[in-house]
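Reviewing the structure listed below.
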């Protein structure tokens, strides 16, 4: 049960992350500098709360499935989904800090470049979510076949 819940939460994480990259970010980049920054702020805060929670829950569930089953794939999936935390803290948060300090009425071409870079880095979060979900799916398939 822990493993299936880990798979579910990693899949929801991936779905939310890929939505940002494929739908929200391209739409945001069609806006002018000021509107793009004004939209990014509340969107980022809501997305962070959801994705941060999902990564932690999925990681804990994956670790519990590993402990329960002894299948190291669950532990590997847990490690990959948890990697979103250091990835975000080291690579994305410095950009977030700069964007959060910029008032929307002072947005510029530099702001747009930061938002564009943020989106590219966010794709890394999407990739980590996809990799974790695939690892969990492989572990679940192995558990069902044995």
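None of the figures in this text is laboratory data; all of them are computed from the coordinates on show. In this text, all values refer to a predicted model and were calculated from it rather than measured experimentally. Here the Cβ is made from the backbone with ideal geometry for all residues, glycine too, and neighbour counts use every protein chain on show.
A few comments on the model shown:
- Cβ-Cβ FRET estimate between residue 22 and residue 146, R0 fixed at 22 Å, reported to 0.05: 0.05
- Summed over qualifying helices (DSSP H, 4 residues or more, each -39500 (n - 2.57)) and divided by its residue number, the chain shows a 222 nm mean residue ellipticity of -28000 deg cm²/dmol.
- Centre-to-centre separation between the Cα atoms of the stretch 9-48 and those of the stretch 54-122: 13 Å.
- Exposure proxy for 80, 134: other Cβ atoms within 10 Å of each Cβ, ordered fewest to most, give 134, 80.
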